[in-house]
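Throughout, read-outs are computed from the coordinates displayed, never taken from laboratory work. Source: prediction; values computed, not measured. Neighbour counts are summed over all protein chains in view; Cβ atoms, including those assigned to glycine, are modelled from backbone coordinates with ideal geometry.
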Amino acid sequence: MSSHPMQTRSQSGIFKPRQPLNLNTTTSPSISLLPKSHLTALTDPNWKYAMKNEYEALLANNTWELVPRPADAPVIRCMWLFKHKFHADGTLERHKARLVVNGKSQTVGIDCDETFSPVVKPTTIRTVLSLATSKAWPIHQLDVKNAFLHGHLNEMVYMFQPPGFTSSSHPKHVCKLNRSLYGLKPYQRFAGYISKCGFKSSICDTSLFIYKKGDQMAYLLLYVDDIILTASSMSLLKSIITSLSSEFNMTDLGPLHHFLGIAVKRQQNGLFLSQSTYAAEILSRAKMTNCKPVSTPVEVGSKLSATNGTPFSDSSLYRSLAGALQYLTITRPDISYTVQQVCLFMHDPREPHFQLLKRILRYIKGTLSQGLLITPSSSTKLTAYSDADWGGCPDSRRSTSGYCVYMGGNLISWSSKRQPTISRSSAEAEYRGVANAVSELSWIRNLLLELHLPVKHASIIYWDNISAVYLSENPMQHQRTKHIELDIHFVREKVRLGTIKVLHVPADYQYADIFTKGLPKHLFQRFRSSLCLRSPTAQTAGDC
């Protein structure tokens, strides 16, 4: 599996915005600015202290040894990655500096074997949190002070000395790495150790680790060096944390409260996931903190063309805001369609595209407190809604399909995506979209099977296109459906096996419609309420 270590894509296509390796940028996910370079950081006592801590931890770990620069071996560069760590309320917890290397300069087969980036999928996170909430399991988060990625290297890798920490006695020497650094391609140390503790890596999501011994169970979610751990009992959870702490330099931060920029609050009716602080920072970055709110993120019938309008003057700002909004969809499914639309034009943004982006921000301004609510549920029944907007693209006439998947009463997965090919009828467009929904349902069913909670009943998909419903069960082939023959066979096989059941739903109850087009205000708000989006309650109680 290949993935850039500093910008990784989940199954749903969402990017987690980590700080770019180019430190000459002022873009930051926090309101306060990051240092523009290591020279700037060395003049700030907070960043200087953070860099010193990281450097000393690397030396204590025997990460490298200084040697004369070899004449016949490549030397990779390194740089400092600066990041703010926040409390759940958005206040600054501490400054964090991490030394990273430019793994792009490694050559597969020479100084590395394979690429692996431990990035858990958002759907996996929501599924595990839903299960843990339903079972009232304790949920803790762990912080790795110095990344556990520093496993032993089998390859000969040389690196320039860290900026700001060049040896005065050997300024021309380079670092011969004994252990892997963040950004290098192989780092399997954590997976190797946790397997010795009885965990097994999930096949569906390699960043999910599952423990089961008798009636004791635990799930561990890994996103690079951020960890969520939940277990069937507090004693088991503490035992696992003790074992991990004996091998890695990590801290138990207690009940889950802030993970990947998402604030997590325990409420009387479940877990509330919110990115309101992050959303406020996006508004600040766009200088729209005091903008006038709107009730919907897009007007009815609004269609963007790639060629209409004059080019937007600041394409970097457009891409920065569009990427930030894409990450916001982790807890805000109501903006998925519109964000998908503006992201289609990041290569050549124009004024109408930026106007739509600004409308999304005005909508967010009015719904800043909205977040995803996960409530206890006794059922793992899977239900999906699938829809498509036939020929909606004014340039290519390609359709946009969308789906949402519920486990019990909790929304755990959704998608809004332009189809790769043109559909010759609305039934074709619907069928292409439903094939994606069936694929997602099949993946979630396999995930639950690995979590030792198999789904015993057929998962239901609701369509509002009667022709497409008939095609899912009708064994007859028609001339007009030959272009989607593979999708038809795929869906029909799942129906025949009894894992999927297709039902018709009236258009007024087709919740997936919100992922395919702009809707009138009353219909949008009604569908939005079905997506488990809520405002936080005034009182919170208990721990995760």
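Kindly put 387, 44 in sequence by how many other C-beta atoms sit within 10 Å of each C-beta, fewest to most.
Lowest count first: 44, 387.
Across the range 377-532, how many lysine pairs, 8 or more apart or on two chains, come within less than 24 Å at their alpha-carbon atoms?
Summing the qualifying lysine pairs gives 12.
Grab the beta carbon distance between residue 300 and residue 422, set R0 = 22 Å, and tell me the FRET efficiency rounded to 0.05.
Efficiency at R0 = 22 Å is approximately 0.40.
If R₀ is 60 angstrom, what is the calculated FRET efficiency for the pair residue 397 and residue 73, using the beta carbon separation as r and rounding to 0.05?
Efficiency, from the Cβ-Cβ distance: 0.65.
So how strong a dipole does the range 270-380 carry about its Cα centre when Lys and Arg Cβ are +1 and Asp and Glu Cβ are -1, to the nearest 20 debye?
Its charge dipole is roughly 200 debye.
Amide H to amide H under 5 Å from residue 413: which residues, 5+ apart in sequence or cross-chain, H placed 1.01 Å off N in plane?
For residue 413, the qualifying residues are 405.
Using modelled amide H (1.01 Å from N, peptide plane; none on Pro or chain starts), what sits under 5 Å from the amide H of residue 259, excluding residues fewer than 5 places away?
Long-range HN contacts for residue 259: 264.
Work out from phi, with θ = phi - 60° and the Karplus expression 6.51 cos²θ - 1.76 cosθ + 1.60, the ³J(HN,Hα) of each residue of the range 372-383, listed in order in whole Hz, and give x for Gly and Pro.
8, 9, 10, 10, x, 9, 8, 10, 10, 4, 9, 10
Rounded to the nearest 0.05, what FRET efficiency do residue 233 and residue 456 have when you use their Cβ-Cβ distance and R0 = 25 Å?
The formula returns an efficiency of 0.50 here.
Are there chymotrypsin sites (Phe, Trp or Tyr not before Pro) in the range 368-425 that DSSP marks as loop and that have at most 14 other Cβ atoms within 10 Å, and which are they? Spell out each step's value before the answer.
Details: sites: 385, 390, 403, 406, 414; in loops: 390.
Qualifying residues, ordered by number: none.
What's the center-to-center distance, using Cα atoms, between the range 494-526 and the range 375-445 in Å?
8 Å
Quick one: Karplus J couplings for the range 361-368, per residue in order, coefficients 6.51, -1.76, 1.60, θ = phi - 60°, nearest Hz, x for Gly and Pro?
Karplus values, whole Hz, x for Gly and Pro: 5, 5, 5, 4, 4, x, 10, 4.
If we count other beta carbons within 10 Å of each Cβ, what is the order of 522, 170, fewest first? Mind showing how you got there, number by number?
Working: 522 9, 170 12.
Taking fewest neighbouring Cβ atoms as first place, the list is 522, 170.
Restricting to Cα pairs below 8 Å that are 6+ residues apart, what does the relative contact order work out to for the range 274-369? Please round to a whole percent.
49 percent
Filter the trypsin sites (Lys or Arg not before Pro) in the range 157-238 down to the DSSP loop ones having no more than 14 other Cβ atoms within 10 Å, then list what survives.
Details: sites: 172, 176, 179, 189, 196, 200, 212, 213, 238; in loops: 172.
Loop-located and lightly packed - 172.
If neighbour count is taken as other Cβ atoms inside 10 Å, put 217, 156, 51 in order from fewest to most.
In order of increasing Cβ crowding within 10 Å: 156, 217, 51.
Output ³J(HN,Hα) for the range 246-258: one whole-Hz value per residue in order, computed from phi by the Karplus curve 6.51 cos²θ - 1.76 cosθ + 1.60 with θ = phi - 60°, and x for Gly and Pro.
Values per residue, Gly and Pro as x: 6, 9, 10, 7, 9, 10, 7, 8, x, x, 4, 9, 7 Hz.
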